[in-house]
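The values are calculated or read from the model by the stated rules, or taken from the named source; none is laboratory data. Because the structure is a prediction, the values reported are computed rather than measured. Quick reminder, even Gly has a Cβ in these numbers, built from the backbone with ideal geometry, and neighbours come from all protein chains shown.
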């Protein structure tokens, strides 16, 4: 559990999990505030934003961790 890989991967995985939980908890409130048309536009915007953010960051979260020594 204390390996270096786990220590470096844990922040990325936990941040992703927390963001997913927040979005799942927010959806019931968002659907009550807005109609289906607005919610669809919001989902489209979030999809486009996600794709653009992946491209702009160079997929840093998916980068391979290099060893300190060979």
Original post:
Within the group 25, 12, which residue is at pLDDT 85 or above and either surrounded by 10 or more Cβ atoms within 10 Å (Cβ to Cβ) or out of contact with any strand residue (DSSP E or B) (no Cβ under 9 Å at 6 or more places or on another chain) (or both)?
Top reply: 25
Original post:
List pairs: first in region 47-70 and in a loop (DSSP other than H, G, I, E, B), second at pLDDT 70 or above and surrounded by fewer than 10 Cβ atoms within 10 Å (Cβ to Cβ), Cβ under 9 Å, 6+ apart or cross-chain?
Top reply: 65/5
Subject >> Pairs, first under 14 Å from residue 50 (Cα atoms) in region 14-26, second surrounded by 10 or more Cβ atoms within 10 Å (Cβ to Cβ), C-beta under 9 Å, six or more apart >> reply: 16/61; 23/46
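Restricting to region 1-46, give me the number of residues that are more than 30 Å from residue 69 (Cα to Cα) and in a helix (DSSP H, G or I). Show your work before the answer.
At the first step, the residues of region 1-46 found to be more than 30 Å from residue 69 (Cα to Cα) are 17-46.
So of that shortlist, the ones also in a helix (DSSP H, G or I) come out as 17-33, 36-46.
Residues flagged as more than 30 Å from residue 69 (Cα to Cα) and in a helix (DSSP H, G or I) within region 1-46 amount to 28.
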